[in-house]
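**Student:** Here it is, the structure in full.
The values are calculated or read from the model by the stated rules, or taken from the named source; none is laboratory data. Note that this is a predicted model, so its numbers are computed, not measured. Cβ sites come from the backbone with ideal geometry, for glycine too, and all protein chains shown count toward neighbours. Accessible surface areas use protein heavy atoms only, side chains included; no ligands, DNA or RNA. Shrake-Rupley method; radii C 1.70, N 1.55, O 1.52, S 1.80 Å.
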Amino acid sequence: MSTLQNATARAGTRAEGNKSFNAPDHSGLLDEALACAERGWPVLPVHCPIGGKELPRCSCISADCRSIGKHPRTAHGLKDASTDADQIRRWWQAWPKANIGIVTGADSGLVVLDIDPRNGGDRSFAELESEHGELPPTVESQTGGGGRHLLFRHPGGRVKSHSIIDGIDVKADGGYIVAPPSMHASGQRYVWTPTRDPNVMDIAEAPSWLLAMLGSDAAASSRHKTAISVGSIPKGSRNETLASLAGSMRRPGMQPEAIEAALLEENRLRCQPPLPDDEVRRIAASISTYAPHQRDSAARSSKSIGPGRAAIRRFSDIQPQELRWLWPGRIPAGKMTLIVGDPGLGKSLFTLDVAARVSTGAEWPDGSGAAEKGGVILVGAEDDPADTIRPRLDAAGASSANILTLDGRRGVNGIVPWSLEDLDVLEDAVDRVEDCRLIVIDPISAYFAGTDTHNNASVRGVLAPVAALALRRGVAILLVSHLNKSNEQRAIHRSSGSVALPAAARAVFVVAQDPGDADLRLLLPLKSNLAREEPGLGFRIEKTEGANVPRIRWCGPTDRVADEVLSWRPVSEDRSRLDEAVEWLEELLAEGPVGAKEIEARAKAARIARRTLDRAKAKLKIQCRTDGFQGPSLWQLPADQDSPNSTGGALPEKLAHTG
């Protein structure tokens, strides 16, 4: 069967092997880019298609892009290509969905046949094999557009990238290919051909007839260069091959000294070019740590970095950095901060006040210093930019030239809505805002698109790339959300939707009404992962003269605590529930002591909240005792108390609150 027939037989697996736009997982891109670099192939990030296969767009955002998902993202294109792992990690941290470009030519040692069936490539390839014979088996990938990439060793000399026949191009010096698992504009991913993955097959040398078609320089170089022996180990496979050889020697019990000596000799004779002796000794020492017959462990250590492997780093390789703040002690830079509160209390006004201070470099209201002046992006779905947001920014003293609104993404027929899953749009906005320091998304729930906001895993999946964007761009992201209706939960759990939202934020604040002053608003900390909690702050909402536009007037620190404030109810309602609980508990204990667990269960059945039960217990001055040694905890009314209004004796306060 010919190579072409083999490819035809494999075509049936394409639909299963290629992933579409609907598959959100793109974590394999960084791993594969690192694996390519480990093989000695310089890589670079390439733009990717976005928006869906029905109307694909390029992440470059150019409406007339003619190379969707295929051109470099970096400023200098192929000149930026690298095998440096740290540089590659930085690229894919900046652009997690970026496609992978592999540089061809002498730098990578690769010459690639690019077969495009849409332009007659399959037919031309069949004619070539019919005339010259089948090409040797080699590493091969299937493109998302239905084509094929066949990889061969670079013969030396100069090999130009050019077209050799209808539908077949040569990618060599000055060229590059898009590599698996990149996404094609068709909605299909590039994949390595089964059994021809670079992890399981060596790259073949091109036959002489193909070298002749590549150009005279290549053919001449091939005739005169020293031939690599059949058993040679090319650059990119040296570490893996030597580790595998070491594993095969260690399993039957060969001693470390013998393994090291054998590897050094193999490296000298077969590796092209040889690795440094110290590196070979490290490979031998690493494999020799395994006990004989530990086949699985030794085999695992011999595998090169690739998709599915653990992404690990030594902390000794991580450079410590100083934590940066937008608002010192309150809003960290490069992190997400969550603001929650009931409607109409001033959450949005608060975010606009923060935005105004950043836009001008004004002082923070708690005296912690001045804001670092910079750009701000406002993403809002509830207030009109013209008649609401702009007047409020002006009233807050903002520099409106430094604040931009993100209205959506540009489509063929105008501006269309976007969601957090289309994060390239937000990243593009950050690129276009000078010295961007703050992004406000108000409310966050409007930008989850079809995500189930009550599903923890789904919410985490959406927020993780947002947090990564904040970190790599050093920008603070303020997320605004509403409170749920439960007054019985702890304040930190009152955020609407999944608990994953406050969990993902590094700081959480609530905007609430002061129980003793209906006009006073409180900004209270609920969570601070990065510093000790600062005291809450009070503010009032006042109107500007003439224009009657609301703005914030700060009133200084407060000793109010969020849990107490959020559990507050109107006095009449609160007293009624407490009185009912006191009457219920007194009646329950009238006949004698009752176990604490039984009381809690009955209270729950009677829909009496635990906090209300504890308050009733305190008001009745309930005594607690243990029934025998290690027996159950019992509650009972004071011996000389017949009603909650009497003032008879009670157990000491510390004991009275146990159980």
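**Student:** How many residues does segment 59-77 contain that are touching a residue at least 24 places away in the same chain (Cβ under 8 Å) and within 17 Å of Asn413 (Cα to Cα)?
**Tutor:** Total meeting the criteria: 2.
**Student:** Something else now. Kindly check whether there is at least one residue in segment 143-157 that is in contact with a His (Cβ under 6 Å, 6 or more places away or on another chain), at pLDDT 90 or above and within 17 Å of Gly40 (Cβ to Cβ).
**Tutor:** no
**Student:** Could you please let me know if Ser59 is under 23 Å from Arg473 (Cα atoms), in contact with a strand residue (DSSP E or B) (Cβ under 7 Å, 6 or more places away or on another chain) and modelled with pLDDT under 90?
**Tutor:** So Ser59 fits the description; yes.
**Student:** Cβ-Cβ below 6 Å, separation at least six or inter-chain, first residue in segment 509-521 and on the phi < 0 side of the Ramachandran plot and small (Gly, Ala, Ser), second surrounded by fewer than 17 Cβ atoms within 10 Å (Cβ to Cβ) and in a strand (DSSP E or B): which pairs?
**Tutor:** none
**Student:** Let me ask you something else. Going by the structure shown, is Ala616 assigned to a helix (DSSP H, G or I), among the aliphatic types (A, V, I, L, M), modelled with pLDDT of 85 or more and open to solvent by less than 30 Å² (accessible area, probe 1.4 Å)?
**Tutor:** For Ala616, the condition - assigned to a helix (DSSP H, G or I), among the aliphatic types (A, V, I, L, M), modelled with pLDDT of 85 or more and open to solvent by less than 30 Å² (accessible area, probe 1.4 Å) - is met.
**Student:** Kindly list the number of the only condition in (1) at pLDDT 90 or above; (2) out of contact with any Leu (no Cβ under 7 Å at 6 or more places or on another chain); (3) closer than 30 Å to Ala467 by Cα; (4) not aromatic (Phe, Trp, Tyr) that fails for Pro557.
**Tutor:** With (1) at pLDDT 90 or above; (2) out of contact with any Leu (no Cβ under 7 Å at 6 or more places or on another chain); (3) closer than 30 Å to Ala467 by Cα; (4) not aromatic (Phe, Trp, Tyr) applied to Pro557, the lone miss is (2).
**Student:** Here is a follow-up. Determine which member of the set Pro194, Pro180 is over 30 Å from Cys65 (Cα atoms) and either of a type outside the set (Gly, Ala, Ser) or at pLDDT 85 or above (or both). Working first, answer last.
**Tutor:** Numbers: Pro180 fails: over 30 Å from Cys65 (Cα atoms).
Criteria check complete, one pass: Pro194.
**Student:** On to the next question. Go through (1) of a type in the set (S, T, N, Q); (2) buried (at least 16 other Cβ atoms within 10 Å of the Cβ); (3) out of contact with any Ser or Thr (no Cβ under 7 Å at 6 or more places or on another chain) one by one and return the number of the condition Asn413 breaks.
**Tutor:** Single failed check for Asn413: (2).
**Student:** Cβ-Cβ distance below 8 Å, separation of 6 or more or different chains: which pairs start in segment 264-276 with a residue that is closer than 9 Å to Ile233 by Cα and in contact (Cβ under 8 Å) with a residue 60 or more places away in the chain and end on one that is in a strand (DSSP E or B) and open to solvent by 80 Å² or more (accessible area, probe 1.4 Å)?
**Tutor:** none
**Student:** Continuing with this model, one more query. Can you confirm whether segment 67-85 contains a residue that is more than 13 Å from Ser182 (Cβ to Cβ), under 27 Å from the mean Cα position of the chain (by Cα) and part of a strand (DSSP E or B)?
**Tutor:** Yes - at least one qualifying residue is present in segment 67-85.
**Student:** A further question on this structure: Which number in (1) at pLDDT 90 or above; (2) farther than 29 Å from His47 by Cα marks the one condition that Leu438 misses?
**Tutor:** (2)
**Student:** If we keep just the residues of segment 425-446 that are more than 18 Å from the chain's Cα centre (by Cα) and open to solvent by less than 30 Å² (accessible area, probe 1.4 Å), which is nearest to Gly375 (Cα to Cα)? Let's see the steps before the verdict.
**Tutor:** Step one: list which residues in segment 425-446 are more than 18 Å from the chain's Cα centre (by Cα), which gives 429, 431-438, 440, 442-443, 445-446.
If we keep only those that are open to solvent by less than 30 Å² (accessible area, probe 1.4 Å) too, we end up with 429, 433, 436, 438, 440, 442-443.
Numbers: Ala429: 11, Val433: 6, Cys436: 4, Leu438: 7, Val440: 12, Asp442: 17, Pro443: 20 Å.
It comes out as Cys436.
**Student:** Further question on the same structure: Exactly one of (1) in contact with a Ser or Thr (Cβ under 8 Å, 6 or more places away or on another chain); (2) of a type in the set (Gly, Ala, Ser); (3) under 22 Å from Ala81 (Cα atoms) is unmet by Gly167. Its number?
**Tutor:** (3) is the only condition that Gly167 fails.
**Student:** Further question: Restricting attention to segment 351-389, and to residues there that are more than 28 Å from Val416 (Cβ to Cβ) and touching a Pro at 6+ places or on another chain (Cβ under 9 Å), which single residue is surrounded by the fewest Cβ atoms within 10 Å (Cβ to Cβ)?
**Tutor:** Ranking the candidates gives Gly369 first.
Yes/no matrix, rows are residues, columns are (1) open to solvent by less than 20 Å² (accessible area, probe 1.4 Å); (2) within 22 Å of Gly174 (Cα to Cα); (3) touching a residue at least 60 places away in the same chain (Cβ under 8 Å); (4) of a type in the set (Gly, Ala, Ser):
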{"site": "Ala106", "(1), (2), (3), (4)": "no, yes, yes, yes"}
{"site": "Val112", "(1), (2), (3), (4)": "yes, yes, yes, no"}
{"site": "Asn119", "(1), (2), (3), (4)": "no, no, no, no"}
{"site": "Asp122", "(1), (2), (3), (4)": "no, no, yes, no"}
{"site": "Ala126", "(1), (2), (3), (4)": "no, no, yes, yes"}
{"site": "Glu129", "(1), (2), (3), (4)": "yes, no, yes, no"}
{"site": "Gly133", "(1), (2), (3), (4)": "no, no, yes, yes"}
{"site": "Pro136", "(1), (2), (3), (4)": "no, no, yes, no"}
{"site": "Ser141", "(1), (2), (3), (4)": "yes, yes, no, yes"}
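**Student:** Six or more apart or on different chains, Cβ atoms under 8 Å: show the pairs whose first residue is in segment 557-582 and part of a helix (DSSP H, G or I) and open to solvent by less than 70 Å² (accessible area, probe 1.4 Å) and whose second is among the small types (Gly, Ala, Ser) and at pLDDT 80 or above.
**Tutor:** From residues that are part of a helix (DSSP H, G or I) and open to solvent by less than 70 Å² (accessible area, probe 1.4 Å), the pairs are Ala562/Ala512; Ala562/Gly536; Val565/Ala512; Leu566/Ala512; Leu578/Ala616; Ala581/Ala603; Ala581/Ala616; Val582/Ala616.
**Student:** Further, regarding this structure: How many residues are within 16 Å of Leu110 (Cβ to Cβ), part of a loop (DSSP other than H, G, I, E, B) and among the charged types (D, E, K, R) if we restrict to segment 163-195?
**Tutor:** Adding up the residues that qualify gives 0.
**Student:** While we're looking at this one, here's another question. Hey, Asp422 hits all of (1) surrounded by 13 or more Cβ atoms within 10 Å (Cβ to Cβ); (2) at pLDDT 85 or above but one; which does it fall short on?
**Tutor:** So the condition that Asp422 fails would be (2).
**Student:** Separate question: Residue pairs, Cβ under 8 Å, 6 or more apart or interchain, first in segment 473-499 and at pLDDT 70 or above, second surrounded by 24 or more Cβ atoms within 10 Å (Cβ to Cβ) and part of a loop (DSSP other than H, G, I, E, B). List them.
**Tutor:** Qualifying pairs under 8 Å: Leu479/Ala505; Leu483/Arg494; Asn484/Arg494.
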